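Reading through the C-alpha cells given below for one structure.
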Amino acid sequence: MGETENHHHPPPPQAAAPPAAPPNLALSRGPTWTPAEQLHQLQYCIHSNPSWPQALLLAFQHYIVNLGTTVLIASNIVPLMGGTHGDKARVIQVLLFMSGINTLLQTLIGSRLPTVMGASIAYTLPLFSIINDYNDEDFTSPHDRFVHSMRTIQGSMIVSSFLNIILGYGRAWGELTRFFSPMVVVPVVCLVGLGLFARGFPLLGNCVEIGLPMLILLMICQQYLKRIHSRAHLILERFALLLCIGIVWAFAAILTVSGAYNNVKPATKQSCRTDRSFLMSSAPWIKIPYPFQWGTPIFRASHVFGMLGAALVSSAESTGTFFAAARLSGATAPPAHVLSRSIGLQGIGMLLEGLFGSLVGTTASVENVGLLGLTHIGSRRVVQISTAFMIFFSIFGKFGAFFASIPLPIFAAIYCILLGIVAASGITFIQFANSNSMRNIYVLGVSLFLGLSIPQYFVTSRTFDGHGPVRTNAVWFNDILNTIFSSPATVAIIVGTLLDNTLEANHVEDRGIPWWKPFQHSKGDVRTEEFYSYPLRINEYLPSRFL
C-alpha cells in the first residue's frame, strides 16, 4: 500500500507550445496612420468658402500663378513665328481670355474641381512643324508669316478638338480610367509635377540673383515666419506668395534702374530686367478677343494629325492633375464619368480656342493645383473668381501687361515649390495599395523611371527647329509620336496601366482595387454627389448617360 500510495503517475503529455509570435516592430516606432481619402488639414475644402475679401486676394494669386506659363509660352513661340511685341501682347490676351472661359466652364459643368485651365506646353511640337513649313515659304513681311501661322493653328485646333469631344462624351476616356488603380495613379500624378522640372530651377538659374532670393524668401515667409504670431500665421500662410512677389519684383526693378544689367549678355538682360518684355508699350488699352480675329482658318492634314497628338497628351496630363486637385481640395477621387465629361468639355474648350485664335490649347494647370496645397484652401469659388481677373486683364491690355512684365525667374522659383507639392500628393495614393508588395514596387519603379527617362530622351534629342528623334518621311506621324512620348504623364499612363493589368498580384487588395472600385460608378460612393454633381439641379434635366 505504501508503495502504491507513494506512487506518482507521470503527467499526461502536453501539446507543444506554439512558437512565440514575433514582436510587432511597428508598435515600437509609435502610432500608425490609417488611409485617409480626404485631407483634413485644409482650412477650406472644395465646397466651403473664405470671406469675400480673402477670396478676392486668393483668386488674384491664382491669376498671377497662371500668368507665368502663359507669358513663357508666348515669349518663346511668337518671335519664331515672325510676330512683333504687339503680336505677343495680343496672343497673351487671347490665352488669358480662353483660360478664364474654360476654367469657368470646367468648374461649373466639367470636373467641378478647383482647377485653372491654363496654356499647355504639349502643343509646342506641332507648332514647330507649322513654323518650319512657313519658314520655307515667301511672305511679304514677318508679320504676314505670323498671321498665316496663326490661321493654320486655328484650323488644326478646330479639327483636333473633336478627338477630345468624342473620347469624353463618348465615355471612352472614363472606360480607360477603369483600368487604373492606385499603383497607376501614383506615377501619373507624381510625373505631372516632376515632369515639369525644366520650368523650375533650370529657368530660375537664368537669373539667380532674382530667382534664388524669391525661392528662399517664399519658404521662410510661408513656413517659418508664420509661427511668430497667430495673425501672422493666417496672413503669411495664405498670402505670402503675393508679398514675396512684390518684394523681389521691386528688387529686380531697382537692379534694372541702377544699371546692374547694362553690360551683361543679352540672354541675361532678357531674364533679369523688368523692362525687356515690351508688353506695356505694345499692349492695347482695350481689346476684346473675337472669333477668327487672325482671319479664315487654314486646314492642313499634316498639321491636324500633329495637333491630335497634343490633344491626347493634354487629356492625359489633365487627368493626372484632376486627381491631384481632388486630393488637395478635400474631395474624393474623381469618378470615371466625371473624368469623361471633363475631357469632353476640354475638347469643346479647344474648339473655342481654335475659333478665337489661341496659340495653344489649355490643360488643367499643375502649378495652380499646387497653390491649393500651399495655401491649404481648396475652395471652388476662389478659382471661379480668378476667372474674372483673367478675363478683365485680357480685355484691358495695359493693366494685364503690367503684371505680365514680372521676370520669369520669379515664376520659376514659385514653380519649384508648387510643382513639388503636386508630385508629393501623388505619392499619398500609395496608402491605398500594398506598399510592401515587391510586385507593386516593380510597377511603381519602372513607371516612374521610364516616365522620366523616355521623355527626357525625346526632349534632349530634339533639334533647335523642333524635330524629335522619330524622323520618318511622314511628318504627321513624327509629330504624333514625338509629342506623346515627350510627355511624362502620358508615358506613365501607358507603362503603368500595361504593367499593373498584366502582372499577376497575390490579392486584389495589393493593387488597391477595393478602394478604387466605388469611384468608378456615379452611385458607388455617397460623397460623389456632394463633390461632383452639377449646380442648379442641372442633373434633373440631363439624360443619365451624361451624368
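The rows are residues; the columns are (1) open to solvent by less than 20 Å² (accessible area, probe 1.4 Å); (2) among the small types (Gly, Ala, Ser); (3) on the phi > 0 side of the Ramachandran plot; (4) outside any helix (DSSP H, G or I).
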{"position": "Ala74", "(1), (2), (3), (4)": "yes, yes, no, no"}
{"position": "Asp87", "(1), (2), (3), (4)": "yes, no, no, no"}
{"position": "Ser99", "(1), (2), (3), (4)": "yes, yes, no, no"}
{"position": "Pro114", "(1), (2), (3), (4)": "yes, no, no, yes"}
{"position": "Pro126", "(1), (2), (3), (4)": "yes, no, no, no"}
{"position": "Ser129", "(1), (2), (3), (4)": "yes, yes, no, no"}
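The rows are residues; the columns are (1) among the acidic types (Asp, Glu); (2) assigned to a helix (DSSP H, G or I); (3) open to solvent by 10 Å² or more (accessible area, probe 1.4 Å); (4) touching a helix residue (DSSP H, G or I) at 6+ places or on another chain (Cβ under 6 Å).
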site	(1), (2), (3), (4)
Leu312	no, yes, yes, no
Glu317	yes, yes, yes, yes
Arg327	no, yes, yes, yes
Ser340	no, yes, no, yes
> Any chance the stretch 460-468 includes a residue that's assigned to a helix (DSSP H, G or I) and either within 25 Å of the chain's Cα centre (by Cα) or more than 20 Å from Leu308 (Cα to Cα) (or both)?
Replying inline: yes
>> Could you check the stretch 512-536 and list, in sequence order, the residues that are touching a helix residue (DSSP H, G or I) at 6+ places or on another chain (Cβ under 6 Å) and either at pLDDT 90 or above or part of a helix (DSSP H, G or I) (or both)?
In response: Gly512, Trp515, Gln520, Tyr532
> Inside the stretch 229-253, can you point out the residues that are among the hydrophobic types (A, V, I, L, M, F, W, C), open to solvent by 20 Å² or more (accessible area, probe 1.4 Å) and closer than 22 Å to Gly378 by Cα?
Replying inline: Ala232, Leu234, Ile235, Leu236, Phe239, Leu242, Leu243
>> Just to verify a result, which residue in the stretch 265-284, among those that are open to solvent by 60 Å² or more (accessible area, probe 1.4 Å) and polar (S, T, N, Q), is farthest from Ile77 (Cα to Cα)?
In response: Ser281
> Among the residues of the stretch 272-307, which ones are among the hydroxyl-bearing types (Ser, Thr, Tyr) and either touching a Pro at 6+ places or on another chain (Cβ under 8 Å) or more than 30 Å from Phe477 (Cβ to Cβ) (or both)?
Replying inline: Thr274, Ser277, Ser281, Ser282, Tyr290
> Hey, among the residues in the stretch 455-469 that are polar (S, T, N, Q) and open to solvent by 70 Å² or more (accessible area, probe 1.4 Å), which one's modelled with the highest pLDDT?
Replying inline: Gln456
> Right, Lys226: under 33 Å from the mean Cα position of the chain (by Cα), surrounded by 16 or more Cβ atoms within 10 Å (Cβ to Cβ) and over 19 Å from Gly211 (Cα atoms) or not?
Replying inline: yes
> Can you tell me which residues in the stretch 139-172 are assigned to a helix (DSSP H, G or I), more than 14 Å from Phe299 (Cα to Cα), of a type outside the set (Val, Ile, Thr) and open to solvent by 20 Å² or more (accessible area, probe 1.4 Å)?
Replying inline: Pro142, His143, Asp144, Arg145, Phe162, Leu163, Leu167, Tyr169, Ala172
>> As an exercise: evaluate Pro284 against (1) outside any loop (DSSP other than H, G, I, E, B); (2) within 27 Å of Phe396 (Cβ to Cβ); (3) in contact with a helix residue (DSSP H, G or I) (Cβ under 8 Å, 6 or more places away or on another chain) and give the number of the one condition it does not meet.
In response: (1)
>> I need the full set of residues from the stretch 470-494 which are outside any helix (DSSP H, G or I) and open to solvent by 40 Å² or more (accessible area, probe 1.4 Å), in order please.
In response: Arg471, Thr472, Asn473, Phe485
>> Against the condition under 30 Å from Gln384 (Cβ atoms) and in contact with a strand residue (DSSP E or B) (Cβ under 6 Å, 6 or more places away or on another chain), how does Ser111 come out, does it pass?
In response: no
>> Looking at the structure I just gave you, is Thr103 touching a strand residue (DSSP E or B) at 6+ places or on another chain (Cβ under 8 Å) and open to solvent by less than 10 Å² (accessible area, probe 1.4 Å)?
In response: yes
>> Checking the conditions here, which among Phe399, Phe411 is within 30 Å of Ile288 (Cβ to Cβ), out of contact with any Leu (no Cβ under 6 Å at 6 or more places or on another chain) and at pLDDT 95 or above?
In response: Phe411
>> Going by what's in this entry, would Phe179 be described as of a type in the set (A, V, I, L, M, F, W, C), assigned to a helix (DSSP H, G or I) and either over 17 Å from Ser318 (Cβ atoms) or free of Cβ contacts under 8 Å to residues at least 40 places away in the same chain (or both)?
In response: no
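The values are calculated or read from the model by the stated rules, or taken from the named source; none is laboratory data. Fair warning: this is a prediction, and the values are worked out from it, not measured in the lab. Here the Cβ is made from the backbone with ideal geometry for all residues, glycine too, and neighbour counts use every protein chain on show. Note: accessible area is taken over every heavy atom of the protein model, side chains too, but ligands, DNA and RNA are not part of it. Shrake-Rupley method; radii C 1.70, N 1.55, O 1.52, S 1.80 Å.
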